[in-house]
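The values are calculated or read from the model by the stated rules, or taken from the named source; none is laboratory data. These numbers come from a predicted model, not from an experiment. Neighbour counts run over all protein chains shown; Cβ positions are idealised from the backbone, glycine included.
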Amino acid sequence: MADEAPWWRSREIRWKPSWLEDLGLQPFSLNIVVGPRLVGKTTGLHLLIEEQLSLRDPLSILYLNLDLAPSLDSFKSLLDAYLRMREAKGIESSLLIFDEVTSVPGWWRLVKGYVDAGAFKGDVLIATGSSSLRLKGEVELFPGRMGRGREILALPLSFREFLGVMGVEVEPSIGLTGHDLDTSILLPNAPRIRALFRDYLRTGGFSLPINGDPRAEEQLIRSLEGEILRAGRSLEIARGVISSLLKAAPSPISFNSIASNLSISHRTVREYVELLTGLMVLGQALFFDGAPKFRKERKIFLRDPFLARAMSIWTASGFLESALYEWVVQEHLMRKFGSIYYWRDGYEVDIIAEGLKVEAKAGKPRRRYPKGVTVLDKDDIPLLLALI
C-alpha cells in the first residue's frame, strides 16, 4: 500500500500558521499558545514537529494530546514515564508539547512544579489551549518562569493572510493611522481582492470551511459547546445571549436589554458575555466620549465571518448583512490597535481606533458625515482590510 500524506498535509489548501514564527525555541523556554478551537493550533504543531525531526533526535520530542488525558494524575504519569526514558537514553534537551492542556484541570500546578524544580532547564515547552487558558488567569501563574518563551495568540486568518493563502500578496500599511486610508495602490488588484473578500465572508479564517469541509459548522458548534460546558455554564443561556446579539446588531446593546429579553439578571448576562469574549467568540467596542464609558450600551460583535454564520445556525437567528461588514472591520482594527470604540450623537461612528474614525456600510451612505470620518462601503472595505 502506497504511503499516504499525513492528515494535516492532505487538505487542498495549506499554509504555515504565522504564529509558529513567534515561538521561542531555545532552552529554556515555556511557550503558551492561546486560541479558539479549530483555529489550527494542532496542525501548526504537527508542522513544527516535521521540521524539528530533521534537527534533533526523534526521542527528544514529546507530543501529548491532553484531550485524551482524563486527569492530572494521568498527565503526570505520562510525563514521568517520558522523563525516565530520556534520562536512560542520555537525552539532555527535549521539545515537549502539551496540546489542549486546559483539558486537564490544574495542569499548571504540575508544569509549574517541574519548572521550579529545574526539570525542564534544558528544554523547550509548548502548551496550547483554548482561550479559557486566559479566562482562568493561568498564563499569569508563570511570572518569571517562561524563560525565552512567549505567550502567543493564534487567531483565524485575517483577510490579508487569507489573500496570501490564495496567492495574492499584499504588503501591510506602514501607518494606517489618522486619516491615512489610501488604498489606491491596490486598485490594479481590486477586482480579484473584492472577489476573494466574498469568499472570506463565507469561510472566514478557519481552515475547515476554507477547504470546503461540509461538517465545519457542526464541528465549530460542538467545540464551543464543549468549552461552555467545561466552564460550568448553560448552553441554553449562551444561545440566548448570542441570539439577542445577532438580532440587535449592528446597533449597540446593553446587558439590561439582553437580560430583559431572556428573563435573567444583567449580572448573568455580563458573565456570559465575558465568557464568550474570553473564548474569542465575541469582541466589544465601548462608547467613547473623551474616555471609554463602561456603563453605556456597547457594540458586541462576532469575531470571524464563519463563526458568525455558525452561531446563526446554532441559535436559529439571522443577522443583517450590514452587521457582517461592520463586524469584520471591527475585528481587523481591534487586532491592529488592541482596543476599538464607537460614538454617536445624532449620527454614529461605527469604529474609533486611535486616530481613525470609520463608518462601515454594506451599501452607499445616505447621509453626509463630519470631516475626519472615513465612510467605507462594500467595495472599499476589502481594500482597507487587505492592508491591515
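Identify the residue in the range 156-173 that is part of a loop (DSSP other than H, G, I, E, B) and within 18 Å of the chain's Cα centre (by Cα) and, among all such residues, is nearest to LYS41 (Cα to Cα). Talk me through it step by step, then tell me what you get.
First pass over the range 156-173, keeping only residues part of a loop (DSSP other than H, G, I, E, B): 156-158, 166-173.
Narrowing the set further to residues that are within 18 Å of the chain's Cα centre (by Cα) leaves 156-158.
Working: PRO156: 10, LEU157: 12, SER158: 16 Å.
Once the filter is applied, the top-ranked residue is PRO156.
Identify, by number, the condition in (1) at pLDDT 95 or above; (2) under 19 Å from the mean Cα position of the chain (by Cα) that LYS336 doesn't meet. With (1) at pLDDT 95 or above; (2) under 19 Å from the mean Cα position of the chain (by Cα) applied to LYS336, the lone miss is (1).
Is it the case that some residue within the range 326-349 is hydrophobic (A, V, I, L, M, F, W, C) and over 27 Å from ARG134 (Cα atoms)?
Applying the first criterion (hydrophobic (A, V, I, L, M, F, W, C)) to the range 326-349 yields 327-329, 333-334, 337, 340, 343, 349.
Filter once more, so that each one left must be over 27 Å from ARG134 (Cα atoms): 343, 349.
The answer is yes; a qualifying residue exists.
Apart from one condition, LEU163 fits all of (1) in the same structural domain as PRO36 (by TED's automatic domain parsing); (2) at pLDDT 95 or above; (3) among the aliphatic types (A, V, I, L, M); the exception is (1). Taking the numbered list (1) outside any helix (DSSP H, G or I); (2) within 20 Å of the chain's Cα centre (by Cα); (3) on the phi < 0 side of the Ramachandran plot in turn, THR102 passes all entries but (1). For the range 125-138, the count of residues that are over 13 Å from GLY35 (Cβ atoms), surrounded by 16 or more Cβ atoms within 10 Å (Cβ to Cβ) and either at pLDDT 95 or above or not assigned by TED's automatic domain parsing to the domain that holds SER71 (or both) is at least one. If you go through the range 214-239 and keep only what is touching a residue at least 24 places away in the same chain (Cβ under 8 Å) and closer than 23 Å to ILE258 by Cα, you end up with ILE221, LEU224, GLU227, ILE228, ALA231, ARG233, ILE237, ALA238, ARG239. Filtering LEU72, LEU66, LEU78 for residues that are under 30 Å from GLU225 (Cβ atoms) and free of Cβ contacts under 8 Å to residues at least 24 places away in the same chain leaves a single hit, LEU78.
If you check GLU225, GLU236, which single one turns out to be assigned to a helix (DSSP H, G or I) and either under 21 Å from the mean Cα position of the chain (by Cα) or of a type in the set (S, T, N, Q) (or both)? Exactly one residue qualifies, and that residue is GLU225. Only one of the listed residues (LEU45, LEU30, LEU79, LEU68) is in contact with an Asp or Glu (Cβ under 7 Å, 6 or more places away or on another chain) and either of a type in the set (A, V, I, L, M) or surrounded by fewer than 19 Cβ atoms within 10 Å (Cβ to Cβ) (or both). That residue is LEU45. Among the residues of the range 336-385, the ones that are surrounded by fewer than 17 Cβ atoms within 10 Å (Cβ to Cβ), within 21 Å of PRO292 (Cβ to Cβ) and either among the hydroxyl-bearing types (Ser, Thr, Tyr) or touching a helix residue (DSSP H, G or I) at 6+ places or on another chain (Cβ under 6 Å) (or both) come to 3 in all. The set of residues in the range 275-295 that are touching a helix residue (DSSP H, G or I) at 6+ places or on another chain (Cβ under 8 Å) and not hydrophobic (A, V, I, L, M, F, W, C) comprises GLY278, GLY283, GLN284. Taking LEU110 as the residue in question, decide whether it is assigned to a helix (DSSP H, G or I), more than 30 Å from ILE193 (Cα to Cα), in contact (Cβ under 8 Å) with a residue 24 or more places away in the chain and not charged (D, E, K, R). Yes.
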